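The values are calculated or read from the model by the stated rules, or taken from the named source; none is laboratory data. Owing to the predicted nature of the structure, the values given are computational and were not obtained by experimental measurement. As a convention, Cβ positions derive from the backbone with ideal geometry for all residues, glycine included, and neighbour counts pool all protein chains shown.
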Amino acid sequence: MQRAEIIRRISSGMVAGLAGTALTQGLQMAGQKAAPEQMPPIRQHPGEYMVEKVEKLLAPEKREKVPKVLEKGLAQALGMGYGLTFGVIYDLLHRRRSNLLWEGTALGLATWAVGYLGWLPATRLMPRITRQKPGQVAGGIVTHILYGIATAGTLRLLRNRRAA
């Protein structure tokens, strides 16, 4: 793959990942209002957790100078970055066109598994899925599958547009 193609794929992967992430965040906000008991039991927003970890590396006098609005913005950006990263990885690894629903579902399940089976329980931000209600697990899976389909679909639209 040539440099220009890599840059193009990174850019389109970011756009596609952003589209999927925006959908996911909207679904999560709607789910929180409509059925909060079915939401995955996250103890702390993962972006806030990461910002806190980085701030602990700063000297106390520097830590106090970090504006709260910057902390919140960074926490939100980290959440968006997670979705963008999976969009980029998908675009870089994706070679041929196949079934959009299967591809999107696979991407969504991979994204879900990395977080919900991996780093979220490892950091104790979320209990293992075996300790969650079935609806909480299912909601996270469905939301991430929709993320994957939206990301793969956006990427397909971008590629079709480029090819035209």
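So which residues in segment 119-137 are in contact (Cβ under 8 Å) with a residue 24 or more places away in the chain and either buried (at least 20 other Cβ atoms within 10 Å of the Cβ) or not β-branched (Val, Ile, Thr) (or both), if there are any at all?
LEU120, ARG124, LEU125, MET126, PRO127, GLN132, LYS133, GLY135, GLN136, listed by residue number.
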- Message: Against the condition within 24 Å of ALA19 (Cα to Cα) and either surrounded by fewer than 15 Cβ atoms within 10 Å (Cβ to Cβ) or in contact with an Asp or Glu (Cβ under 6 Å, 6 or more places away or on another chain) (or both), how does ARG63 come out, does it pass?
- Response: no
- Exactly one of LYS72, LYS33 is basic (Lys, Arg), farther than 20 Å from LEU120 by Cα, surrounded by fewer than 16 Cβ atoms within 10 Å (Cβ to Cβ) and at pLDDT 90 or above, and that one is LYS33
- Query: Is it fair to say GLY140 is within 22 Å of GLN38 (Cβ to Cβ), in contact with a Gly (Cβ under 7 Å, 6 or more places away or on another chain) and among the small types (Gly, Ala, Ser)?
  - Reply: no
- Query: Which residues, counting only those in segment 95-150, are farther than 22 Å from GLY31 by Cα and of a type outside the set (D, E, K, R)?
  - Reply: SER98, ASN99, LEU100, LEU101, TRP102, ALA106, GLY118, TRP119, ALA122, THR123
- Note on the structure: Checked THR154, THR143 against criteria (closer than 28 Å to TYR49 by Cα and outside any loop (DSSP other than H, G, I, E, B)); the one match is THR143
- Query: Taking THR24, is it among the polar types (S, T, N, Q), in a helix (DSSP H, G or I), surrounded by 18 or more Cβ atoms within 10 Å (Cβ to Cβ) and at negative phi?
  - Reply: yes
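Pick out the one residue from GLY17, GLY79 that is at pLDDT below 95, closer than 28 Å to LEU158 by Cα and crowded, with 16+ Cβ neighbours inside 10 Å.
Values: GLY17 fails: at pLDDT below 95.
Every option except GLY79 fails the conditions.
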